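Report on the following structure.
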C-alpha cells in the first residue's frame, strides 16, 4: 500500500485482496511493533506456528561527505508520504516534496524509477537519475542478474521524462545553512573505476536514495526468537522455508533479501505448503 506508487499498483487491488483474506477468516492486527509491543516470548507461547514475512527493511545508505545535510532522504520514506496523500491521510512527519525542486534520484532499480515518476507528478523542476552501471552493461558477461534485468527493462517512466546519467559515482553533497544545494560526482569507466578529471556538479534541492535494502531489521524480534541468519543477514531457512527454530518459518524478502512482489507471493505459498504438511500431513497447495 505505502511502498509502491498508485501509477504502478492501484490500491483498490490491494484493498480487494485484503477483503478476500478477511472473508477467509484471517484476523489483521495493525499498528503493532512485533517484538516490542508484542514480545517474541508471548508470540511463541500463544501460537504454535510463526511465519516471518516482515520484508528486508534495512535500507542501504550512502555515507559520503555532506550526508547530514537536510534534503537527503531514503526513497521509501518519500514514496510512503505520497501514498498517504493519495489515500487522504495526514503526513505527520517532516514533509518531503519534489515540487519546483531539482531532484536527484540515486539508484537504477524499480524503486528509483518509482521516485522519478512520483517526482515528475509532483511538478519537480528537474529530475536526474544517477546509477553506477553503464547503459551497455546488460551486454557484459560480468553484469549481475539484476543489472541485466534493470538495463533490459524499458520502464514506462522513461517515457515521462527525467535525465538519466549512467556510469556515475556520487562523491559528496554540499549546501548552505545546513541545506543541500549541490551533488558532486565523478564519471566511471567500463570497469567502474573513476575517470580522472571527470568531476561534475548538479544542482540539488532534494536527493532520494534508492540503493536497495541490506536485510531485515535484526533488533528485538529476530534476536529474541533466536533464528539463525545467513551470510547476508537474512533469516536462514531450509528449502522448505523452515528456520533454525522449531515452529518458526520465513518467506519473502525477510528470507531471500529484496526482490519482487510476485516472488514473495510464491515464497509465501511454499511456506504455507510446508506448514500444512508439518501440521496435518497433507496439503492442497501445489
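The values are calculated or read from the model by the stated rules, or taken from the named source; none is laboratory data. Computed from a prediction, not measured in an experiment: that's the story for all the values here. Neighbour counts are summed over all protein chains in view; Cβ atoms, including those assigned to glycine, are modelled from backbone coordinates with ideal geometry.
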Candidates 171, 243 - the one that is surrounded by 13 or more Cβ atoms within 10 Å (Cβ to Cβ) and more than 21 Å from residue 64 (Cβ to Cβ): 243
What about residue 253, is it under 17 Å from the mean Cα position of the chain (by Cα) and crowded, with 21+ Cβ neighbours inside 10 Å? yes
For the stretch 118-138: of the residues being assigned to a helix (DSSP H, G or I) and modelled with pLDDT of 95 or more, which is surrounded by the most Cβ atoms within 10 Å (Cβ to Cβ)? 119
